[in-house]
Every structure is written in C-alpha cells, then in structure tokens.
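Presented below is the structure to which this report refers.
Only the coordinates and a few stated rules stand behind these numbers; no lab work does. Remember, it's a predicted structure, so these values are computed and weren't measured experimentally. We place every Cβ from the backbone using ideal geometry, glycine too, and count neighbours over all the protein chains shown.
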Amino acid sequence: MKSWNESKKPHRLAKEFFGAIGKNAFSGGRPSRDFFKVWNFFKKLDEPVLNLFHEYLIATGGQPGLTMTELFYKAQAWNQKQRTAVIKETHIENYLELLKDW
C-alpha cells in the first residue's frame, strides 16, 4: 500500500472513513453509491483538511455510527487537544524563554 503522501488522498480517505464506521464501501467488488458521495465530497476539500481527517481516523480507530458532520467537529477538537502544550511545573519566570526551549 502506498504511503499517505503518495496516494490519492480523497480516495484513500473515503476508504478509511468507511473502515472506521464499519461499513462496506464496496458491493460485488464495485464501489457503492455512498462511497462515491463521500469520495466526491472529499475531492472538494483542501489538502490540510484531508490530512487532519486522515490523522484523526488513524489515531482514533473504529467509530461505528460516525457521521460526516461528527467527523468535522471531532477532528477539529482532537487537533486542538493534540496541539495544545501543557506546562505542568516550571521554575522559569520568563515564559518567552520557556517557549524557545520547547
């Protein structure tokens, strides 16, 4: 399987989305109508959004019942939580110096 950066991102993300919700995206070896709807929607999004959705789906794994709307909100909340730095204890009073070290 190709890496994420080498693959066709909308197609792969649609497959990952259906895998996460536990729904078969293919019937009789052919993509279902739902697959094409999701794939066409993902084709309209910018690459950073696709990257975020990919990271979220890989990190969280299977989520039966996940909807596209929930994917937007949960991925954004997950991203903010992952990217927020937590400073537990410091003895440095100059916080700019602390951020430079981080």
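How many residues are among the basic types (Lys, Arg) and exposed (fewer than 14 other Cβ atoms within 10 Å of the Cβ) when one looks only at the range 37-84?
Total meeting the criteria: 4.
Could you look through the range 10-68, keep only residues that are of a type in the set (Asp, Glu) and part of a helix (DSSP H, G or I), and pick out the one that is nearest to Arg83 (Cα to Cα)?
Checking each candidate, the answer is Glu55.
Is it the case that Lys23 is out of contact with any Lys or Arg (no Cβ under 9 Å at 6 or more places or on another chain), surrounded by 11 or more Cβ atoms within 10 Å (Cβ to Cβ) and not aliphatic (A, V, I, L, M)?
yes
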